[in-house]
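Take a look at the structure below.
No value in this document is a laboratory result; all are computed from the given coordinates. From a predicted model like this one, the values you see are computed outputs, not experimental measurements.
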């Protein structure tokens with residue numbers, strides 16, 4: 001029968017390092033984590049991310065299995081950034097699903113897999129811990145849009161003057177001189193020619 005306890009956080013540099021000291025190694029033992037922690041760093045892409053110290057909502061189940069610890073559940077957080085077309089500030093929300101196996105030291109899984117294939121229990125430098133920071137960073141990075149938009153019909157910025165097209169006049173445009181004639185335009189006088197007989 002599975003036992004259920006709450007995981008505790010040790011005093012560690014990252015709040016995503018979870019203490020498993022109460023879990024034990026008996027397969028089927030289980031801990032749950034349902035709490036909100038501050039994001040340890042900015043997580044995401046250039047245009048949109050979960051900002052440092054933004055609330056990360058954890059809803060996780062940590063289960064002891066024969067070769068290690070299986071962490072499953074969800075992480076959600078608010079996002080902030082700017083539109084990829086018009087650079088308007090935008091906000092949103094990201095929800096990710098986690099399924100991560102952390103191998104026990106000296107287990108068959110530990111000995112037969114590379115360090116970057118799966119996580120390791122105690123990889124944070126403290127025994128009986130799992131470090132979820134990198135899996136959360138990777139999952140959020142994959143879940144966020146590469147070019148976020150403020151709306152599906154965003155027209156972006158004017159290529160000539162940089163004004164937001166959504167705020168520009170309906171007939172907003174710029175006269176485009178063919179570059180092949182640009183040198184001739186420099187030869188034209190700055191003032192319009194006067195009509196004959198106009199002495200003003």
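Points worth noting:
- Once the chain from residue 88 to residue 149 is taken as fully extended at 0.36 nm per residue, the excess over their C-alpha distance is 21.1 nm.
- Stokes-Einstein diffusion of segment 18-89 at 10 °C, 1.306 mPa s viscosity, Kirkwood radius from Cα pairs, rounded to a whole number: 111 µm²/s.
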